[in-house]
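Structure first, then comments.
Here, each number is a calculation from the coordinates, and none is a lab measurement. From a predicted model like this one, the values you see are computed outputs, not experimental measurements. Methodologically, a virtual Cβ is constructed for each residue, glycine included, from the backbone with ideal geometry; neighbour enumeration extends over all protein chains shown.
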Amino acid sequence: MESCCRPPTASQFLVKAAALTEGSSGSHSNAIFVKGGVSHVGTREPVIIADGEGPERKLHVRDFFLEAETVTNERFADFVAATGHVTDSERLGYSGVFYSLLSKDMKARHAPQRKSWWVKIDHANWRHPEGPDSNVDGRLDHPVTHVSLNDATAFARWVGGRLPTEVEWEHAARGGARRSRYPWGNEEPSDEATYCNIWQGTFPHTNTLRDGYLGTAPARSFSANEAGFYNLVGNVWEWNADVFRVRSLSRASKHRNGLAKASAEQLLKGGSFLCHASYCFRYRIAARMGLPPDSASSNVGFRIAYDLI
Ligand SMILES: [Cu+2]
């Protein structure tokens with residue numbers, strides 16, 4: 001069976017070198033060659049039908065490169081230093097932060113008007129993920145967060161890459177065209193067996209921290225899948241190049257599709273550190289979500305793909 005783990009030919013390595021040095025402006029990259037072919041998106045056994053996880057759609061994928069990990073705070077800082085890019089969250093002056101991540105002080109300040117697990121925090125942005133009293137000093141190797149689609153696209157352009165499409169992302173996550181639910185296979189993660197950075201305990205009040213993290217984990221943590229990719233599921237949602245559309249034929253999905261079209265949402269894949277089987281079972285390869293292009297929050301990041309030229 002065709003597998004994306006197959007190493008590239010020598011000429012493909014040369015192509016990779018060209019693609020990665022051209023616009024990369026000194027920022028390191030760790031792209032892995034992915035062999036294309038006939039692949040698929042979605043699943044025959046959708047769990048969250050309204051998201052459009054089904055039906056399984058056969059698609060052809062070209063050979064491409066995908067970075068082993070999501071873009072880190074360190075790389076994003078390089079990008080900002082080089083280009084002067086101002087993120088949407090910085091421009092807006094606020095971003096969404098998951099309540100549990102806030103400092104004691106910030107929690108106390110926001111508890112009275114809190115209506116959900118998400119809190120609008122003034123001056124929360126990629127440099128200050130939990131607001132002004134936080135920074136990324138000890139988290140330079142963690143995924144950059146509070147980045148919108150516009151920010152992700154601007155970074156991609158800077159390194160001469162782009163965001164992956166859904167089929168590329170799923171193809172890389174499965175390590176080829178086979179049908180597996182997770183990047184590591186089909187085994188269900190549990191509060192004991194942690195394969196990725198998701199929620200452990202009872203969402204949203206108790207996180208047992210069995211995997212070691214309440215919020216983000218380093219971009220390169222846990223085990224890579226067979227093809228070499230880290231944290232494709234869990235940790236942070238990843239912006240994809242596709243618009244969020246629901247193709248499933250169920251009425252619920254059609255309804256969802258109508259909403260998605262009206263709001264022009266963009267597709268994200270992979271789930272985040274907030275996912276849990278009991279509440280938001282979206283740390284599966286086929287799982288998906290749509291967000292408006294200018295939205296950003298503490299559990300959204302991205303990784304970069306490259307074309308062969
Ligand atoms: Cu989730």
Long-range amide H partners of Thr165, meaning residues 5 or more apart or on another chain whose placed amide H is closer than 5 Å, are Ala241
Over the chain, the sum of -39500 (n - 2.57) across DSSP H runs of at least four, divided by residue number and rounded to 500 deg cm²/dmol, gives at 222 nm -6500 deg cm²/dmol
Partner aspartates and glutamates whose C-alpha sits under 19 Å from that of Lys115, ignoring same-chain residues fewer than 8 away, are Asp105, Glu130
From the Cα centre of segment 144-162 to that of segment 266-284, the distance in Å is 21 Å
About its Cα centre, segment 31-171 carries a charge dipole, from +1 on Lys and Arg Cβ atoms and -1 on Asp and Glu Cβ atoms, whose size in debye to the nearest 20 is 340 debye
For the chain, the dipole about the Cα centre with charges only on Cβ (Lys and Arg +1, Asp and Glu -1), to the nearest 20 debye, works out at 940 debye
One finds the C-alpha centres of segment 210-233 and segment 58-77 to be spaced, in Å, by 15 Å
Among Leu92, Thr70, Ala217, the residue whose Cα sits farthest towards the positive end of the charge dipole of segment 31-307 (+1 at Cβ of Lys and Arg, -1 at Cβ of Asp and Glu, taken about the Cα centre) is Leu92
Semi-axes in Å, largest first, for the chain (Cα gyration tensor, √(5λ)) are 29, 24, 19
Counted neighbours (other Cβ, 10 Å), sorted fewest up, put Arg174, Arg44 in the order Arg44, Arg174
Placing one equal point scatterer on each C-alpha of segment 22-101 and summing with Debye, one gets log10 I(q)/I(0) at q = 0.17, 0.20, 0.27 Å⁻¹ equal to -0.99, -0.99, -1.20
